[in-house]
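Just below is one structure, and these are the notes that go with it.
Values quoted throughout were computed directly from the atomic coordinates according to the rules given, and no laboratory measurement underlies them. Since we're looking at a predicted model, the values are computed, not measured. Note: ideal-geometry Cβ built from the backbone for every residue, glycine included; neighbour counts use all protein chains shown.
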Amino acid sequence: MNYSRSYKKENFVAIGFIILNLAILSFGSWFLTSRVMSSSGQLAEEKGAFEAIYKNWEQISQAKNELEKTKPQIDRLNQAFVSKTEPIGFINSLENLAQKTNNAFEINLISSGADNKKKDSALYFQIKLAGSFSDAMHFLNYLENMEYRVQIQSLDISKISTRPPEISGVKEIPTNSIFTLINLKAFTQ
């Protein structure tokens, strides 16, 4: 009988050991599964965040490439504005244009500052020309196509009468010439 009691005791211990191992195994499996699930969720979130960052990086790269492509156009656009502090380059262009088109000329800066009605910054010039009608038309054509952004505010073309208009630096204006008076707005930055 001692043998059966000890057998029962061993069976009881073995069954208790098995139950304990199953409980530990079940708890360990549950613990590991929950850790794997939370780690998997975190990895999925991090993967999504990484993919979003990668897409943003691609968009930034594309925007940078587009900016590099448009930079020469932007530079040309910026150069099209007359310098408010240094308008001499623009005035020289107008003088060269008048000489190129065989016009006697006088160029005066009327005013500078902001046009309060339109809230844009501009310089205002008055250009006096004396020459043939075709010379005046050539001047206007070149003026329209020059690299600077300008707007003709008013244009007055008249045949020179017996008393020619005064243009500084011009002593004699040929007969059959016309007088052109242009009020010009040159846009500044």
Output the peptides 75-81, 43-49 sorted from most to least packed, where packing is the average of other Cβ atoms within 10 Å over each peptide's residues.
75-81, 43-49
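When you count, for each residue, the other Cβ atoms within 10 Å and take the mean per peptide, how do 129-136, 96-103 rank with the highest first?
By packing density, highest mean first, the sequence is 129-136, 96-103.
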With θ set to phi - 60°, apply the Karplus curve 6.51 cos²θ - 1.76 cosθ + 1.60 along region 89-100 and write out the HN-Hα couplings as whole Hz, x wherever there is a Gly or Pro.
x, 5, 4, 4, 5, 5, 4, 4, 5, 5, 5, 4
Projected area averaged over all directions for the convex hull of the alpha carbon atoms of region 1-79, nm², comes out at 6.7 nm²
Would you compute, for the Cα atoms of region 50-98, the largest minus smallest coordinate along each principal axis and list the three values in descending order, in whole Å?
61, 20, 7
